[in-house]
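Here is the structure we will look at, set down as structure tokens.
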Amino acid sequence: MAVLLTGGAGYIGSHTALCLANAGFEPVVLDNLSNASPEAIKRVSRLTGKQIPLIEGDCTVKSDLEAVFAQYPIDQVIHFAGLKAVGESVAQPLRYYRNNLDATLTLLEVMAAHGCRQIVFSSSATVYGTNQEMPLRETFPLGCTNPYGWTKFMSEQILRDAGTADPNLSVVLLRYFNPVGAHESGEIGEDPSGIPNNLMPYICQVAKGRLKQLNVFGDDYPTHDGTGVRDYIHVMDLAEGHLAALNYAQAHRGVEVFNLGTGVGYSVLDLLHTFERVNGLRVPYRIAPRRPGDIATCYADPAKAAELLHWQTKRSLDDMCRDAWRWQSQNPMGYRTAQETDA
Ligand code: WQD
């Protein structure tokens, strides 16, 4: 039986497709390629020795989803597809609400029409909002600070209500913390379009000479060194968390939510200096003003996933930095490198 990965050609989706294929699942990828390259799935197919189907299409277009369900025996879905840039969501809220909520609603309608009753949803720690004690637990109150976060919050609520209405539906909500790193082959990785918003890809591009220096957004936070603290999780640990979630969805009904994080917070400077040490590099940086909307500290309590999913992270910050750099140094221009050589 097949597992549909919406948005599966993206950073987390492609790593999850690799993990599932290696575990004997049959991933089928639907992606509109607005923020992903088909090269990612070509490489996953090469790495796994399995032909992973990639269908170009959009979750907000019912006929695109219908075509996939008509062609493949989909019995589980992992829903990654969605717009995900926090800053962009503030500038374009209606586009974010329309796209991300339409995708979730349309997907659920098509799943119901085809008797597909198991869904894993790509949510985010951003739904916890600010002013929370640490570590974050799944039972904590929610509240978002940007439209992107609200679309995750609202999609969670849509899925909860769908699960309440249909007792045969199995819904697993996964709240990611900060995914970083790449598969150990260096063949697939994070390939942000334009100037990276996130810390690790920015560091990698400075190290590669594509960007001049890192701007550290504030060193006056109430943390051990004044810079922001986050729960960085290796993308392969995150991918394995999705495998565990699929197995849980297969064995249970109802709605469950899980934090996917390490439970350990590292600061910007912790990550920067680890990156320099494990890769033998210097990364120039300057202290810049705080970034609006940033919080001082955010990290997970991952105990529930350990107990119910029998999953916990295995890879260290050293592994995250080493694997991120291998991808960047082997692919200076991301997936475009391949297209250029193909041209
Ligand atoms: C991490 C730390 C910055 C860039 C975001 C989204 C969240 C989720 C993960 C989707 C912070 C600092 C960053 C830079 C810096 N995405 N930083 N210089 O903001 O924790 O989370 O990505 O679900 O929804 O909000 O991640 O990597 O942007 O920032 O100093 O050039 O690095 O201030 O302390 P963030 P990030």
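So how far, in whole Å, is the C-alpha centre of the range 267-320 from the one of the range 1-74?
First find each Cα centre; the distance between them is then 28 Å.
Would you please give the FRET efficiency between V61 and K304, computed as 1/(1 + (r/R0)^6) with r the Cβ-Cβ distance and R0 = 35 Å, to the nearest 0.05?
Between V61 and K304 the formula returns 0.50.
Which GluC sites (Glu not before Pro) in the range 110-176 pass both tests, a DSSP loop state and at most 10 other beta-carbon atoms within 10 Å? Working shown, then result.
On the way: sites: E133, E138, E156; in loops: E133, E138.
Here the sparse-neighbourhood loop sites are E133.
Can you list residues from other chains, or at least 5 along the same chain, whose modelled amide H is less than 5 Å from the amide H of L169?
Counting only residues 5 or more places away or on other chains, the set is G254.
Report, in whole Å, the centroid distance computed from the Cα atoms of the range 81-155 and the range 182-246.
Between the Cα centre of the range 81-155 and that of the range 182-246, the gap is 21 Å.
Once you have all Cα-Cα distances for the range 32-126, histogram them in 5 Å bins from zero and send the whole-percent values.
Going out from 0 Å in 5 Å bins, the range 32-126 shows 2, 11, 19, 23, 20, 15, 8, 2, 0 percent.
What per residue convex hull volume, in Å³, do the alpha-carbon atoms of the chain yield?
Hull volume normalised by residue count: 129 Å³.
Which listed residue (V77, C19, V61) has the Cα farthest towards the positive end of the charge dipole for the range 8-123, taking +1 on Lys and Arg C-beta and -1 on Asp and Glu C-beta about the Cα centre?
Checking the options against the dipole of the range 8-123, the answer is C19.
Which whole number of Å³ per residue matches the convex hull of the alpha-carbon atoms in the range 171-236? Before the final figure, lay out the partial values.
Numbers: hull volume 9.4 nm³, N = 66.
Value for the range 171-236: 142 Å³ per residue.
Relative to the longest principal axis of the C-alpha atoms of the chain, give the angle of the C-alpha long axis of helix 62-71, reported between 0 and 90° and rounded to the nearest 10°.
Result, in degrees: 70.
Given the pairs K42/K304; K42/K62; K212/K314; K152/K212, which span a C-alpha to C-alpha distance of over 30 angstrom in this model?
Values: K42/K304 35 Å; K42/K62 26 Å; K212/K314 33 Å; K152/K212 34 Å.
K42/K304; K212/K314; K152/K212, as the Cα separations exceed 30 Å there.
What do you get when you divide the Cα radius of gyration of the range 1-84 by 2.2 N^0.38 Å, with N the number of residues?
0.96
Taking amide H positions as placed in the peptide plane 1.01 Å from N, state which residues far from L5 in sequence (5 or more) or on other chains have amide H under 5 Å from it.
V28, V29, L30, I78
Could you give each residue of the range 91-100 its phi-based ³J(HN,Hα) in whole Hz, using Karplus coefficients 6.51, -1.76, 1.60 with θ = phi - 60°, and x for Gly or Pro?
7, 10, x, 5, 4, 5, 5, 4, 5, 6
Applying the Karplus parametrisation 6.51 cos²θ - 1.76 cosθ + 1.60 with θ = phi - 60° to the phi angles of the range 255-267, what ³J(HN,Hα) value in whole Hz is obtained for each residue in order, glycine and proline being reported as x?
10, 9, 10, 9, 6, 10, x, 8, x, 10, x, 10, 7
Give me, ordered by chain and number, the residues 5 or more places off G218 or on other chains with an amide H under 5 Å from its own placed amide H.
A288, R290
Considering only protein heavy atoms, with the full assembly of protein chains and a 1.4 angstrom probe, order M320, M154 by accessible area, largest first. Write down the numbers at each step before the final one.
Details: M320 5, M154 70 Å².
Largest to smallest exposure gives the sequence M154, M320.
Relative to the longest principal axis of the C-alpha atoms of the chain, give the angle of the C-alpha long axis of helix 235-251, reported between 0 and 90° and rounded to the nearest 10°.
The angle comes out at about 20 degrees.
For the chain, find the longest principal axis of its Cα atoms and tell me its angle to the long axis of helix 268-279, 0 to 90°, nearest 10.
Helix 268-279 and the main axis of the chain meet at about 90 degrees.
The values are calculated or read from the model by the stated rules, or taken from the named source; none is laboratory data. Keep in mind that what you see is a predicted model, and the values were worked out from it rather than measured. Note that each Cβ is placed from the backbone with ideal geometry, even for glycine, and that neighbours are counted across all protein chains shown. Accessible surface is based on the protein model in full, side chains and every heavy atom, while ligands, DNA and RNA are left aside. Shrake-Rupley method; radii C 1.70, N 1.55, O 1.52, S 1.80 Å.
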